[in-house]
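Here's the structure, in structure tokens; my notes come after.
The values are calculated or read from the model by the stated rules, or taken from the named source; none is laboratory data. As the structure is a computational prediction, the values presented were derived from the model and not from experiment. Cβ: placed from backbone, ideal geometry, glycine included. Neighbour counts: every protein chain shown.
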Amino acid sequence: MTQQEMCEGILSRPFYAKVESGKNRINAESLFKILFARQIDLVEFGKLVQGTYDSAENKAEKRYQSQMNVAVSTKDLKLMEKYC
């Protein structure tokens, strides 16, 4: 979609372009209007942006959990010991 198609009827295209480039912030109401108008799944959208807003601690914990899950599912005792 073009920027114009994405924001039409909700925001001006120049403002939306600044949101995309990180120069402006969009309020929640406008964001939801865009998501609903364009039938964008909220859960999928959340998954896409979650990493942007996660703390370093949460990111490290998720990485650790993923590594431990691999170690357990492959029954790799050395890896399990390492991550314990």
Among (1) at pLDDT below 95; (2) within 21 Å of Met1 (Cβ to Cβ), the one test that Glu61 misses:
(2)
Result of the Cβ filter at 8 Å on region 1-23, keeping first residues that are in the same structural domain as Ile34 (by TED's automatic domain parsing) and partners that are part of a loop (DSSP other than H, G, I, E, B) and of a type in the set (D, E, K, R), at least 6 apart or interchain, is Met1/Arg38; Met6/Arg38; Val19/Arg25
Just name the residue that is nearest to Gly51 (Cα to Cα) out of those in region 73-84 that are not in a helix (DSSP H, G or I) and not polar (S, T, N, Q).
Cys84
Return yes or no: is Ala60 of a type in the set (A, V, I, L, M), outside the structural domain of Met1 (by TED's automatic domain parsing), surrounded by 11 or more Cβ atoms within 10 Å (Cβ to Cβ) and under 17 Å from the mean Cα position of the chain (by Cα)?
yes
Check off (1) at pLDDT below 95; (2) surrounded by 14 or more Cβ atoms within 10 Å (Cβ to Cβ) for Gly22 and give me the number that stays unchecked.
(2)
Answer yes or no as to whether Ser73 is of a type in the set (Ser, Thr, Tyr), surrounded by 10 or more Cβ atoms within 10 Å (Cβ to Cβ) and on the phi < 0 side of the Ramachandran plot.
no
Can you spot a residue in region 68-80 that is more than 16 Å from Gln3 (Cα to Cα) and at pLDDT below 90?
yes
